[in-house]
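The values are calculated or read from the model by the stated rules, or taken from the named source; none is laboratory data. In this text the structure is predicted, and so the values were computed from the model without any measurement. Counting neighbours? That spans all protein chains shown, and the Cβs are built from the backbone with ideal geometry, glycine included. Accessible surface areas use protein heavy atoms only, side chains included; no ligands, DNA or RNA. Shrake-Rupley method; radii C 1.70, N 1.55, O 1.52, S 1.80 Å.
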Amino acid sequence: MGTRTQPNNRILLLFTSFVIIGLLEISGPIPAKAHPVAFAKSTAIMLESDPGRTDFQLFYSFDYWLATGATYTRLTQKHDLHNMDIHVVTPQLNLLVKRWNRPSSQANLYATGGYGSYQLSNDDRNREAYRAGAQFDFETRRVYTLFKYERLGLEGKSEDIDSYTFRGGLAPYLGDFDELNIWFIAQASYSESLDKRVKLTPMLRFYYKNVLWELGSSLRGDPYLNFMIHL
Amino acid sequence: MIRIKNVLFAAVLAASGMAQSVFADDIKVRVSGMVCAFCATGIEKKFKGEDSVDAISVDLSQMLIELKTKSEKELSDERITALITSAGYKVTAIERK
């Protein structure tokens, strides 16, 4: 009995980090999707990216139910005959509203909100922005489901940007705590303001101890990358 | 003769009771909601930060945490429950050897 971090595990984590950083250099900022609140006194770095959206998040969890930090979001919106990027930065508060711990499952309900500013790619002015959202997830050791809703309110924009995400996942094998875990996940996302089409993205999720990463491609061929680490 | 044996037996029992506190404890903690290794790393981190803990292992298939305390160090049930609760999980049973 007993677990101490072995040197080869540290090497694996370092190697993974370097691979992710290397990919960052090739493809640009790479943000991540995750539990909005982690365990008490932890720091979470979350990165997620596809061609239409990039999210980078840095959060500190004071307790298992409350975290604070900031989110940077880059959105690409079709504007007339060309695309326009919207860059949003919001300090943010994340709250675990309710958790259900059962013998063989866990479910969570989160609420998130923030207020900050945004810029357009063709305009240097800082304008006001707010962000509000909710996330529900349910998982067992074999099955994973998530539903997420987010609203972005941008000063001067005639309508808010509403985004919906649903995920379903299945573990082909039950990895234990000290093992590499692999999941098959399918994600469906939709935002009328940005794309007006449901985007389906199958992906593989990997995680080992406190490092998680996801690699996939939408059915339209858009690459998808997600990375998260808890410190 | 039987009385002497009983006295000796009682003395050995008493000595083992006193000696036990000098040795490390093996503790098994059953936890509810521990279905994800990525999320359960918080539990491991919390116990590794405890001075009284010599080793910890997490078994997701059994929803079990096994702790070994250092000699002459104590880890109370209340402290175990507080650590696991602060990680966002629920303790359902604690067993000690």
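Out of all the residues in region B:33-63, which are more than 9 Å from chain A (Cβ to nearest Cβ), open to solvent by 10 Å² or more (accessible area, probe 1.4 Å) and closer than 29 Å to residue A:138 by Cβ?
Residue satisfying the conditions is B:62 alone.
Of all residues in region A:95-114, how many are at the interface with chain B (Cβ under 9 Å from one of its Cβ atoms) and open to solvent by 30 Å² or more (accessible area, probe 1.4 Å)?
Here the count works out to 5.
If you check A:130, A:173, which single one turns out to be under 20 Å from residue B:35 (Cβ atoms) and not charged (D, E, K, R)?
So the residue among A:130, A:173 that is under 20 Å from residue B:35 (Cβ atoms) and not charged (D, E, K, R) is A:173.
Limited to region A:142-159, what total is found for residues that are at pLDDT 90 or above, more than 16 Å from the chain's Cα centre (by Cα) and under 19 Å from residue A:115 (Cβ atoms)?
4
Hey, any hits in region B:31-54 for a residue that's in a loop (DSSP other than H, G, I, E, B), at pLDDT below 85 and among the small types (Gly, Ala, Ser)?
Taking every residue of region B:31-54 in turn, none turns out to be in a loop (DSSP other than H, G, I, E, B), at pLDDT below 85 and among the small types (Gly, Ala, Ser).
Just to be sure, is residue A:130 hydroxyl-bearing (Ser, Thr, Tyr) and open to solvent by less than 20 Å² (accessible area, probe 1.4 Å)?
Spelling it out, it is not the case that residue A:130 is hydroxyl-bearing (Ser, Thr, Tyr) and open to solvent by less than 20 Å² (accessible area, probe 1.4 Å).
How many of the residues making up region B:64-95 are within 12 Å of chain A (Cβ to nearest Cβ), outside any loop (DSSP other than H, G, I, E, B), of a type outside the set (Ser, Thr, Tyr) and crowded, with 16+ Cβ neighbours inside 10 Å?
Residues in region B:64-95 being within 12 Å of chain A (Cβ to nearest Cβ), outside any loop (DSSP other than H, G, I, E, B), of a type outside the set (Ser, Thr, Tyr) and crowded, with 16+ Cβ neighbours inside 10 Å: 9 in total.
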